[in-house]
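Where a number appears in this text, it was derived from the coordinates with a stated rule and is not lab data. In this text the structure is predicted, and so the values were computed from the model without any measurement. For neighbour counting, all protein chains shown are included, and Cβ atoms are generated from backbone atoms with ideal geometry for every residue, glycine included.
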Amino acid sequence: MFVKAHKSQGKNSGSCADLAEYMEKEAEQEGKDDTLFFSHDKDSCELNDVIDRIDHNVKGIGKDDDKFYMITINPSNRELLHLIGADKSEKKCFEDLTSGERQNLNVKLQEYTREVMNIYAKNFERDKVKSGDDLVYFARIETERYYRHYDKEVGEGKARPGDKKPGLNFHVHVIVSRNSKDQSTKLSPHAKSRGNTWELNGKQVKRGFDHEKFKVCSQEHFNQMYSYKPYQNESYKSKNPLDSLQNKAVFTIENKIKGQIKQVLAKDIQDNFMVERQIMQNAVKAALLVKNPVIASLAEVRKQLASIIKVEKMK
């Protein structure tokens, strides 16, 4: 399961009509009009209502600021088969599904989408935003995927842009307003969380949105919700090695050990350098005394050599 909050790319400051109409037209092209827009509390929403609700939920948002964002929910082929309890050899594409299986997938994906939006809302850690019910969002289930020019198969000449991809390709697009439902809180997934806080209206609030946490929590919730055991390639791996408390503890211990090793090595190098320098100085003294015994009495030479030999024996 891969869930992602997409970058706006500078196209989200106006109406959401283009995105909403694109989502509806794609479903129409596929000839599957049974997948309609839905929200947190409604199973069916009209296109005009989607556009109207998102476009008018903009109180306090600047003219050139983002008004909405897109989230995609992308189950693997195996995860989709698990939801309907089917074998891979039996259900290879959308056309292989019965009407009951299609309906079952739609219901479960709606159910899971609402859970993802609960996770999305909680990720901001704001007092007035506790669940998806505090958001304004609309989602639509799509059933097919098509090759793009950047796909590996196109580059290798195995497919052409626009060709339908094989397998079950149900996925979900979500349009979510930047403002909370009561329009009191702005929620941007582009403000990445760094764990710090700031003061808002006299209260300390968390800054930003944790994308890694959102992806991992969404995936784990799917596994728990549907008793699913994912393959390794179906599990999202955090890019941040410090994403878990356990890894943070290990990282802290490793740093302490590294620091201690550096101190020991530095002292050892310093001590060895001092010893080597002393040996060189003593060797020079001995050479001078042997080479120029006339500059000192024989007793003095013996005394100096004895001192040098004593020091060397102690090394």
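Computed quantities for the displayed model
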{"read-out": "Test item: Cα-centred dipole of region 2-238, Lys/Arg +1 and Asp/Glu -1 on Cβ, debye", "value": "1120 debye"}
{"read-out": "Gyration tensor (alpha-carbon) shape descriptor, region 2-238, a/c threshold 1.5", "value": "prolate"}
{"read-out": "Separation of the GLU212 and LYS192 label points, Cα + 7 Å toward Cβ, nm", "value": "1.0 nm"}
{"read-out": "Selection from TYR150, GLY14, CYS217, by position along the positive dipole direction of region 2-238 (Cβ)", "value": "CYS217"}
{"read-out": "Residues of region 75-89 with amide N under 19 Å of a point placed 7 Å along Cα→Cβ from LYS158", "value": "76-78, 89"}
{"read-out": "Highest-first arrangement of 166-175, 224-233, where packing means the average Cβ count within 10 Å", "value": "166-175, 224-233"}
{"read-out": "Region 8-112: GluC sites (Glu not before Pro) in DSSP loop, at most 14 other beta carbons within 10 Å", "value": "GLU46, GLU90"}
